[in-house]
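Right, one structure below, let's go through it.
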Amino acid sequence: MTRSARARRTWRQRLAERVAGRDLTWGSARHSHAPPAGPASDTDATAPEGTPSRSAADGGDATALWRMRTTVRDRPGSLAALCAALAAQRVDILSLQAHPLTDGTVDEMLLRAPAGLSAEVLGAAADAGGGRDTWVERADAHDLVDGPTRVLGLATRTALDAAELPVALRQLLGRCTIRSQPADPPFGRRSAADEVPADGVLEDTLMRLPDPSGGSVTIERPHLPFTPTEFARARALIELDSRLGPRVPPSQDVVTLPEGNEITVRRADPGDLEAARAMHDRCSPATLAMRYHGPVADADRYLEHLLSPRYGRTLAVQTASGRLVALGHLLWDGEETEVALLVEDAWQRRGIGARLLRQLVEMAAETDCAYVYAVTQAANTGMVAAMRGLGLPLDYQVEEGTLVITAQLAAAALSAGPRGEGG
C-alpha cells in the first residue's frame, strides 16, 4: 500500500481492518524468507553488510552467506550427494537443520559460498545433488546464531512481555502474513469458520492456531510451505504465552516536567481500559477528532483493541495521583509501524507527547522496524513538531486534509540527549 493510499484510510477503517483480521506483518527483515528476486548480478553478489568475508589479502576469496532450503529423499546417501554437489561449487555448510516429512526430508542450511556465486547457481547445484523444491536467499551475520539458541531467545522475550508474541512468531517463521482474529470483535460476531481446533491446523503454506486471548492466529507464507517442525515450534511458543497469562514489563520511568510536576510513563494493557475511557471523557471533542480523524462516537469501543498487545504496544502517562492523562500507541502495520498519541487537553504543551513519541520510536527500533509513520492533520502542529524533534529523515504526504509523516529509522539514530528531553 502506498503512503498516499494509506492517507485516504480513516482511523476507523484501519482499526476495523486490524480487528477484523487484516494482514499484519511483524518483525525483522533479517529472516525475510522471501523468494529470491532472480540471479544475482556482480553487484548483488557482494556480501551484505555484516557478513563475514575473506579478502584476497587474507589469503582467500571474498565470500557471502546464503540460506537454502531443499527437499531430499529419505534414504541413506541423499544428504551426502547434496553436500558433494555443493562442495563442487566450493560451498561450505555452516549449519544444517532437518525437517522430516512423510515423503522426504527438508534440509535447511546456512551456506558460505564464493561471492561471485548467484542464487541460481546455488539452486542448480542443489538440484543436481538430488534436491527438489529448492529455495535460496541471502543471509547475514545474524544467521550465524544456531537455531536452538535463537528459539530460546525468542521464548525468553515472549515470557517477559506478552506483546512480543507476534514479533517472536515473525522472527521464528520469516516473512509471512499474520492475521489475528479476536474472540469478541467490536462489530459483528465470530463465525463457525473462525473456530480453530485446540491442536491447530496445518495446510501447506497456512497454519491456524488458537490464540491465548480466546481468538485465533492465522499465519500464511505462500512462497514457502511450512514444515511440521515449524508448526510445532509456533504452537509451542503460543502455548508458552497461554500458560504465562497476561503480562507486561514492570518497568516505569518517573519524569519531572518543567513546572515541577512528576509523571510516570509505563506500559499499558487491557487493565487500563476504564482509566482510558475516563480520559476520553475529559478530552475535548477537538482533541479526540484530531486523534481519531473524524467522528469519535465509537472510539471507546476500539480502546480494548488498542490496548491489546496483539496489535502493538501502548504507553500510558499517569500523574502522581494515578490519573491517566496520555496514551501513546505503537501499532503494527505491515513493513512499517504506525505511531499515534492522545494527550488530555489540560496536559498538552508540556513535552509529554514528544516524550511518548521518542520512547515509542525506540521500541519500534528494537523490533527492527525500518519506518514509523503518523497519520494526522496539518493543523496538528504538536504532532508535526514532535515528529520533527526526533531528528530522523521525514517524508510528508498530504491528501484531502490528511497528513502522513513517515520517519526512516535505519538512516540515523535518534537525536542526542537524555530520554524525555526535547519536548
* May I ask you to compute the full-extension gain from His223 to Ala62, defined as 0.36 nm times their residue separation minus their alpha-carbon distance, rounded to one decimal in nm? => 55.0 nm
* To do: Output the peptides 123-135, 264-276 sorted from most to least packed, where packing is the average of other Cβ atoms within 10 Å over each peptide's residues.
  => 123-135, 264-276
* To do: Along Cα→Cβ, 7 Å out, is where each label goes; now give me the distance between the ones at Val201 and Ala98 in nm to one decimal.
  => 3.2 nm
* Which percent of Cα pairs goes in each bin when the distances of the stretch 61-154 are cut into 5 angstrom slices starting at zero? -> 3, 14, 26, 25, 17, 11, 4, 0, 0
* To do: Just check the stretch 261-382 against the gyration tensor rule for me: Cα atoms, a ≥ b ≥ c as the square roots of the eigenvalues, rounded for a/c under 1.5, and otherwise prolate or oblate depending on whether a/b exceeds b/c.
  => rounded
* Show the residues, 5+ positions off or on another chain, whose built amide H is closer than 5 Å to the amide H of Leu409. => Tyr371, Val372
* **Stretch gain in nm, segment Arg150-Ala236, where the contour uses 0.36 nm per residue and the Cα spacing is subtracted** => 29.5 nm
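Each reported figure results from applying straightforward, stated rules to the coordinates on display, with no laboratory input. From a predicted model like this one, the values you see are computed outputs, not experimental measurements. Virtual Cβ from ideal backbone geometry, glycine too; neighbours counted across all protein chains shown.
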